[in-house]
Structures are given as structure tokens and as C-alpha cells.
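I have placed the structure first, in the form of C-alpha cells, so that the comments after it can refer back to it.
FYI, it's all coordinate maths here, none of it is from the lab. These figures come from a predicted structure and were not determined experimentally.
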Amino acid sequence: MRNWYFSLVLQDALTEEQDDALTELAGFHDGRIHLVEGPGDSRFTCSFEAETLTQAIVDALSRFVDLPGVLVRSVELDEIALEDNDMATPAVLPAPPPLADAL
């Protein structure tokens, strides 16, 4: 097992209601996932222990089931995360296209 570092970028900034709901969810207060907000942007920086990066991402994403209306747009690894994860090149896992676009 090892710690993996990455960011979950949201499709939209959190609404006031979503931000209030977030304060009630224990899964967001264990020190492994932190909200970072900028102008028109919300993301969560994550540090999860798992065998693989994919398992760490799945663990982080599972917390959003209890946060209605919040969509994760992408998973990103910045330069610091790349170094911490011992990865040589940037990796971005974009969300799949909406079902309407696939039809």
C-alpha cells in the first residue's frame, strides 16, 4: 500500500446548499480529502492509501454518492502529485461524455 495524491475537479463550483451538506458528511472530514475553492472553481485535493492509483480514485469518488448534485469533471495530477506519485508524465482522467453525446 502507498499514498496517492491527486485532485478531483468538479464540473461546477459548490452551491451554498452543497457546501452546507458537505459539513455534515464524515467521509469528507478524515484528513484524506480537502476542498479547495477558487473563483468559479471547486476541487478536492486527495491523499488516499491504496495498492493502485485507480483504487485510490475509486475510494475518493465513492464519497460523492452522499453529496447530491455534485459532479466530478476530472481527476488531475499536478507537478507536485506527479513527483509524490513517482510518475514521469502528467496524467488526466477526464469524465466520460454525457450519455446524450454518446448517442
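Quick notes on this structure:
- Residue by residue, the stretch 53-58 carries 3J(HN,Hα) couplings of 4, 4, 4, 5, 5, 4 Hz when phi is fed to the Karplus relation 6.51 cos²θ - 1.76 cosθ + 1.60 (θ = phi - 60°); x denotes Gly or Pro.
- For the stretch 1-63, the ratio of Cα radius of gyration to the globular rule of thumb 2.2 N^0.38 Å stands at 1.14.
- Between the stretch 54-80 and the stretch 1-51, the alpha-carbon centres lie 8 Å apart.
- For TRP4, the residues 5 or more places off, or on other chains, whose built amide H falls under 5 Å of its own are PHE48, GLU49, ALA50.
- Phi angles of the stretch 15-28 translate, via the Karplus equation with coefficients 6.51, -1.76, 1.60 and θ = phi - 60°, into HN-Hα couplings of 7, 4, 5, 5, 5, 5, 5, 4, 5, 8, 9, 4, x, 9 Hz per residue; Gly and Pro are given as x.
- For VAL72, the residues 5 or more places off, or on other chains, whose built amide H falls under 5 Å of its own are GLN11.
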